[in-house]
Amino acid sequence: MCAIRRATARAIALRVIGIALGATFVYASLDKIARPDRFADIVNDYQMLPALFVNAFALLMPWVEMVTGAALVLGVWRRAAGLLAAALTVAFMVAIAQARLRGLDIECGCFDVSSTSSTKASWSLFARDAVLLAASVLVWRRA
Amino acid sequence: MTADSNSMRTEAITQDEMSLVRRVVRRVPNGTRAAALVGVAVALAAVSNALNPLGIRWTAAPDGRVGIPRAFESRLPEIDVTKAFTLYRSGDALFVDSRDQKDYDEDHIPGAINIPMRRWDEVWPAMQFRLPKSRLLVLYCYGARCGLSTRQGKRLLELGYEHLAVLDYGWKAWREAGYPTLKHPEEGL
């Protein structure tokens, strides 16, 4: 009985984590999808991709976020979505870390790409992404 | 064979097919499903970008610029430094310096006004009254790979400014050409 309760509590906890993670990804994708031109500018600022691929990345990545987030919220293919969420978050962490290490003073482009007074790419965002990564791995491996 | 047995058979086939699909889907490892989700994202991105009036090319524009809505490409031309200098001498254009204020204060093209793009949200409300829509505006920033002027141009296009040009290689090209600056007014004349 106790084991069943524990398993149920674990399943509920994983579901809640998945929904929260998914909602975060969906929310993060909205402004980028609406303004691919501004998101492309921010991607360009990170100086990680050759100009040829910047637009394609700026068009595709927000939709990967959206589809991943929607799958997590709806509970469809949660483990696959968890895997994608983890991969995306690792990419974000690499991008932020290399920007900080190279001393680039740029906007994060995490949630808002339209304002010029939004959050800068910083180590605190790197830490926030580490929390998202932990949640993603949890959903991927345990859901 | 009765109608009833026919319908039972159809139902059985449907159930068989469904369980087959379910079995196949269950066997797909996470990686394959993740790839399928990426495939859905690619399709949605293509449709969304085609329908978005601010949609962009999938690759860089022919001039190498990125992040320019297709609708803006021809309305935000780049000009070289020689052409910019001709406009400067004729007085036909107003120069807009998109760099940070400290760099503008250090030196700039004489007559240029400073609208630091990195602080656009803060400075634009006060600056908008100084920027006439009727004049040609030549926007410049630091130099290679600096998209601040192009970004500023996009904002201005959205606000109804139609006479715009971006100085290719910006301040760097102007200095290298030896054209006049506030601190070196007689150069290039």
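At the interface with another protein chain (Cβ under 10 Å from one of its Cβ atoms), among the aromatic types (Phe, Trp, Tyr) and over 19 Å from B:Gly39 (Cβ atoms) - does that describe any residue in the stretch A:78-93?
No: the stretch A:78-93 contains no residue that is at the interface with another protein chain (Cβ under 10 Å from one of its Cβ atoms), among the aromatic types (Phe, Trp, Tyr) and over 19 Å from B:Gly39 (Cβ atoms).
Out of all the residues in the stretch B:73-91, which are open to solvent by less than 50 Å² (accessible area, probe 1.4 Å), under 16 Å from B:Gly111 (Cα atoms) and in contact (Cβ under 8 Å) with a residue 40 or more places away in the chain?
Within the stretch B:73-91, B:Ala84, B:Phe85, B:Leu87 meet the criteria.
One line per residue, one yes/no per condition, for (1) surrounded by 15 or more Cβ atoms within 10 Å (Cβ to Cβ); (2) out of contact with any strand residue (DSSP E or B) (no Cβ under 9 Å at 6 or more places or on another chain); (3) at pLDDT 95 or above:
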{"position": "B:Tyr142", "(1), (2), (3)": "yes, yes, no"}
{"position": "B:Arg145", "(1), (2), (3)": "no, yes, no"}
{"position": "B:Thr150", "(1), (2), (3)": "yes, no, no"}
{"position": "B:Leu156", "(1), (2), (3)": "yes, no, yes"}
{"position": "B:Glu162", "(1), (2), (3)": "no, yes, no"}
{"position": "B:Arg175", "(1), (2), (3)": "yes, yes, no"}
{"position": "B:Pro180", "(1), (2), (3)": "yes, yes, no"}
{"position": "B:His184", "(1), (2), (3)": "no, yes, no"}
{"position": "B:Glu187", "(1), (2), (3)": "no, yes, no"}
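Just to confirm my filter: which helices (runs of 4 or more DSSP H) fall fully inside the stretch B:94-189 and include at least 2 residues that are within 14 Å of chain A (Cβ to nearest Cβ)?
On the way: elements: B:101-106, B:120-127, B:148-158, B:170-176.
Correct list: B:101-106, B:120-127, B:148-158.
Only one residue in A:Phe25, A:Phe39, A:Phe92 is open to solvent by 20 Å² or more (accessible area, probe 1.4 Å) and under 18 Å from A:Leu125 (Cα atoms). Which one?
Values: A:Phe25 fails: open to solvent by 20 Å² or more (accessible area, probe 1.4 Å); A:Phe39 fails: open to solvent by 20 Å² or more (accessible area, probe 1.4 Å).
Only one candidate passes the filter, namely A:Phe92.
Tell me, yes or no, whether the stretch B:24-33 has at least one residue that is at pLDDT 85 or above, open to solvent by 60 Å² or more (accessible area, probe 1.4 Å) and part of a helix (DSSP H, G or I).
Yes, the stretch B:24-33 contains a residue that is at pLDDT 85 or above, open to solvent by 60 Å² or more (accessible area, probe 1.4 Å) and part of a helix (DSSP H, G or I).
Taking the stretch A:109-143, which residues are open to solvent by 40 Å² or more (accessible area, probe 1.4 Å) and within 10 Å of another protein chain (Cβ to nearest Cβ)?
A:Ser117, A:Trp140, A:Arg141
Of all residues in the stretch B:54-93, how many are assigned to a strand (DSSP E or B) and over 11 Å from the mean Cα position of the chain (by Cα)? Walk me through it before giving the result.
At the first step, the residues of the stretch B:54-93 found to be assigned to a strand (DSSP E or B) are B:56, B:69, B:78-79, B:93.
Keeping just the survivors that are over 11 Å from the mean Cα position of the chain (by Cα) gives B:78-79, B:93.
Of the residues in the stretch B:54-93, 3 are assigned to a strand (DSSP E or B) and over 11 Å from the mean Cα position of the chain (by Cα).
Would you mind finding the one in B:Ile109, B:Ile79 that is modelled with pLDDT of 95 or more and not aromatic (Phe, Trp, Tyr)?
Working: B:Ile79 fails: modelled with pLDDT of 95 or more.
None of the other options fit; the residue is B:Ile109.
Can you find even one residue in the stretch A:96-108 that is in a helix (DSSP H, G or I), more than 8 Å from every other protein chain (Cβ to nearest Cβ), touching a residue at least 12 places away in the same chain (Cβ under 8 Å) and under 29 Å from B:Ala50 (Cα atoms)? If you could, list the steps in order and put the result at the bottom.
Here is the first cut: in the stretch A:96-108, the ones in a helix (DSSP H, G or I) are A:96-101.
Then keep just the ones that are more than 8 Å from every other protein chain (Cβ to nearest Cβ); that gives A:96-101.
Within this subset, residues satisfying the condition of being touching a residue at least 12 places away in the same chain (Cβ under 8 Å) are A:96-100.
In the following step, the residues that additionally are under 29 Å from B:Ala50 (Cα atoms) were identified as none.
No, because not a single residue in the stretch A:96-108 is in a helix (DSSP H, G or I), more than 8 Å from every other protein chain (Cβ to nearest Cβ), touching a residue at least 12 places away in the same chain (Cβ under 8 Å) and under 29 Å from B:Ala50 (Cα atoms).
Would you kindly identify the helices (runs of 4 or more DSSP H) lying entirely within the stretch A:1-77 that contain at least 2 residues that are closer than 17 Å to A:Ser115 by Cα and either of a type in the set (Lys, Arg) or modelled with pLDDT of 95 or more (or both)?
Working: elements: A:2-34, A:36-45, A:51-74.
Those helices (runs of 4 or more DSSP H) span A:2-34, A:36-45.
Quick check on A:Leu60: is it farther than 20 Å from B:Arg119 by Cβ and free of Cβ contacts under 8 Å to residues at least 40 places away in the same chain? So that I can check it myself, show each step before the final result.
Working: farther than 20 Å from B:Arg119 by Cβ: yes; free of Cβ contacts under 8 Å to residues at least 40 places away in the same chain: yes.
Here the answer is yes, as A:Leu60 does meet what is asked.
Kindly provide the set of residues from the stretch B:41-53 that are facing another protein chain (nearest Cβ under 7 Å) and surrounded by fewer than 17 Cβ atoms within 10 Å (Cβ to Cβ), ordered by number.
Matches in the stretch B:41-53: B:Val42 only.
The values are calculated or read from the model by the stated rules, or taken from the named source; none is laboratory data. Everything quoted here is computed from the prediction, not taken from an experiment. So basically every Cβ, Gly included, is an ideal-geometry build from the backbone, and we count neighbours across all protein chains shown. With ligands, DNA and RNA removed, areas are computed over all heavy atoms of the protein, side chains included. Shrake-Rupley method; radii C 1.70, N 1.55, O 1.52, S 1.80 Å.
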